[in-house]
């Protein structure tokens with residue numbers, strides 16, 4: 001083995017390229033041979049060869065990095081396999097799954113947090129994205145600059161550097177966001193009342209979700225009894241379990257640029273005649289949006305919901321950067337993938353981690369299937 | 001109707017657009033501003049919009065920090081090596097799905113699209129064991145090599161959509177002249193796909209540059225750390241005063257390449273994403 005890590009990986013990369021090329025030609029030759037046996041024409045044989053030659057990198061990678069790992073992890077999920085122990089895995093049946101579903105407060109917390117992000121975070125994110133898309137769609141001057149600015153967070157998004165900047169800004173005492181809230185509340189009393197009302201609602205909702213995740217609603221009662229927040233209250237962004245998820249929602253709304261582009265594409269696809277017809281019928285802008293644009297945007301909302309849900313299961317970086325060193329907060333904000341990482345790589349319990357992976361798969365498939373089933377009720381596909 | 005909207009509506013519209021722009025780019029401004037502050041200013045309880053006496057001390061410090069420089073080199077090295085292989089293989093696979101008719105194409109394409117529903121991270125446990133058996137833990141291999149197998153179904157899809165729009169007659173006339181598929185792919189199709197290739201390259205660049213989970217799991221030694229891991233470790237909960245100017249300086253230097261790439265690639269991205277209706 002070569003000790004220099006850079007030369008080492010370069011050699012491995014070169015070997016991988018050679019491997020892929022060889023395997024691709026082998027796969028292509030094999031498929032051409034099969035096509036020949038099945039009596040295909042010469043052109044068809046040539047096309048079969050070329051198709052498998054070019055697609056082979058993905059097919060081989062799919063087998064090596066997806067199918068085989070999934071098969072192994074399905075097997076391991078029924079065993080007590082640990083990578084540190086040298087013992088062979090013992091089959092323990094459904095123990096991992098029953099432990100996960102009934103005895104694992106961390107996993108339950110991750111499900112509840114994902115539920116929160118889906119019920120509260122996704123609608124906020126989609127609403128902001130739609131609002132920005134509608135603004136951009138008005139064909140203003142400097143549209144390109146606005147579009148760039150709205151999309152930039154997607155690029156910077158989950159880089160730890162930017163997340164640390166958010167941590168600085170969200171600091172409860174000295175962070176710029178709370179400083180601004182304090183200054184605005186002092187200068188402009190209605191803003192102060194609005195702020196306190198928002199704090200009240202957020203804390204009630206979050207206390208409710210925390211109650212679901214640990215089965216005790218004492219915190220909810222406490223928040224309710226404390227009543228309307230005092231005049232000097234500010235959000236406790238990265239400090240309190242009542243706010244930790246809101247910071248993530250905040251980040252999601254900030255990074256909504258990708259969804260915004262999807263909506264922009266959708267708005268561009270709406271035929272102008274529909275709007276003109278509605279205008280002739282006397283509909284104002286507001287009405288035109290809800291009666292004409294919105295129904296035609298539902299397929300795009302659907303797409304964003306499906307993708308957004310899968311993304312919310314995978315949120316990792318914000319939790320790592322904002323909360324990793326604050327254990328009491330982690331359980332109030334942990335996502336499924338974060339939990340998977342924590343559970344698998346702190347104790348190297350491979351069997352248990354595999355069970356988590358499989359539950360995540362099954363849940364995504366279920367939720368996506370449900371979403372596809374429900375879409376008939378609200379998604380409009382036929383345009384004319 | 002858009003031209004007849006009254007002035008007041010236009011003013012409100014621009015007010016919204018401009019304030020949204022300010023809100024969206026505020027973290028960037030704050031990052032740069034904080035990196036130029038002194039330690040006292042950065043942790044002060046009042047609002048310091050712009051440092052009173054901007055100091056570049058944090059920059060000179062961090063640029064002399066050999067750990068930071070090595071981390072920076074590691075990141076560039078890893079991103080370039082990963083990008084080269086991934087881009088080439090994605091381009092090859094997209095060609096197979098758009099320009100060639102072969103038996104099984106629809107099935108394989110459907111399989112590929114369905115992998116978009118699998119969160120890649122859910123495979124980390126078995127993949128870790130696989131790389132462990134290969135002796136790849138503590139090297140760059142696990143975060144680079146998987147991409148060489150056309151990693152990223154969304155990227156293949158984006159490129160496929162672009163390639164499918166190129167007229168078929170082009171390859172047909174090239175076939176008449178005796179060219180084979182590899183020549184057509186390299187000499188005709190790829191040069192026509194510069195914009196979508198730039199888009200895919202940008203998305204891949206951003207994803208690898210920002211990658212945190214892979215490096216945390218696989219790199220394991222400080223010598224190999226990439227920027228996201230290094231920067232995340234700069235924040236230390238145990239110290240009473242956070243060195244915010246230093247952290248934000250590292251943050252600025254980490255985000256500069258992202259912004260440069262985005263600046264040059266934005267017109268490709270914003271267009272091709274709208275065309276294919278897909279995000280990265």
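Summary table
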quantity	calculated
Residue-averaged [θ]222 nm for chain B, counting only DSSP H segments that reach four residues, each worth -39500 (n - 2.57)	-21000 deg cm²/dmol
All Cα pairs of chain A, percent lying beyond 40 Å	34 percent
Rounded to 10°, Cα long-axis angle of helix B:124-134 versus longest principal axis of chain B	80 degrees
Chain B: angle of helix B:244-276 to the longest principal axis, Cα-based, in degrees nearest 10	30 degrees
Exposure proxy ranking, count of Cβ atoms within 10 Å, fewest first, for A:118, A:333, B:208	A:118, B:208, A:333
Approximate spin-label separation residue B:238-residue A:194, in nm, with each point projected 7 Å along Cα-to-Cβ	4.4 nm
Using alpha-carbon coordinates, inclination of helix B:7-35 to the longest axis of chain B, degrees	70 degrees
Neighbour-count order for A:341, B:49, B:136, fewest beta carbons within 10 angstrom listed first	B:49, B:136, A:341
Choice from A:33, A:150, A:65 showing the highest fluctuation, given a GNM over chain A with Cα pairs closer than 10 Å	A:33
Estimated Rh, the protein assembly as shown: Kirkwood, alpha-carbon pairs, angstrom	27.1 Å
For segment A:91-158: rounded, prolate or oblate by the Cα gyration tensor [a/c cutoff 1.5]	prolate
For segment A:296-366 versus segment B:1-63, the gap between their alpha-carbon centres in whole angstrom	32 Å
Relative contact order, percent, segment A:285-384 [alpha-carbon distance under 8 Å, six or more residues apart]	37 percent
Relative contact order for chain B, counting Cα pairs under 8 Å that sit 6 or more residues apart, in percent	31 percent
Prolate/oblate/rounded call for segment B:109-219, Cα gyration tensor, a/c under 1.5 rounded	prolate
Cα gyration tensor, segment A:132-230 - rounded (a/c under 1.5), prolate or oblate	prolate
Debye-sum result for segment A:5-76 in log10 I(q)/I(0), which assumes one identical scatterer on each alpha carbon, at q = 0.23, 0.25 Å⁻¹	-0.94, -1.00
Relative contact order %, segment A:5-76, counting alpha carbon pairs below 8 Å whose residues are six or more apart	32 percent
Two-decimal ratio, chain B, of alpha-carbon radius of gyration to 2.2 N^0.38 Å	1.25
Mean residue ellipticity (222 nm) of chain A, computed from DSSP H runs ≥ 4 via -39,500 (n - 2.57), nearest 500	-23500 deg cm²/dmol
Descending semi-axes in Å of segment B:1-102, equivalent ellipsoid built from Cα gyration tensor	40, 36, 8
Fluctuation leader among A:233, A:32, A:144 - chain A, Gaussian network, Cα springs under 10 angstrom	A:32
Exposure proxy order (Cβ contacts within 10 Å, fewest to most) of B:26, A:372, A:361	A:372, B:26, A:361
Förster radius 45 Å - calculated FRET efficiency between residue B:114 and residue A:222 (Cβ-Cβ, nearest 0.05)	0.45
Residue among B:36, B:28, B:227 with the largest mean-square fluctuation in a Gaussian network model of chain B, springs linking Cα atoms under 10 Å	B:28
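All of the numbers you see were taken from the coordinates with simple rules; none came from a lab. It should be emphasised that the depicted structure is a prediction, and the values quoted were computed from it without experimental measurement. Cβ coordinates were reconstructed from backbone atoms using ideal geometry, including for glycine residues, and neighbour counts include every protein chain displayed.
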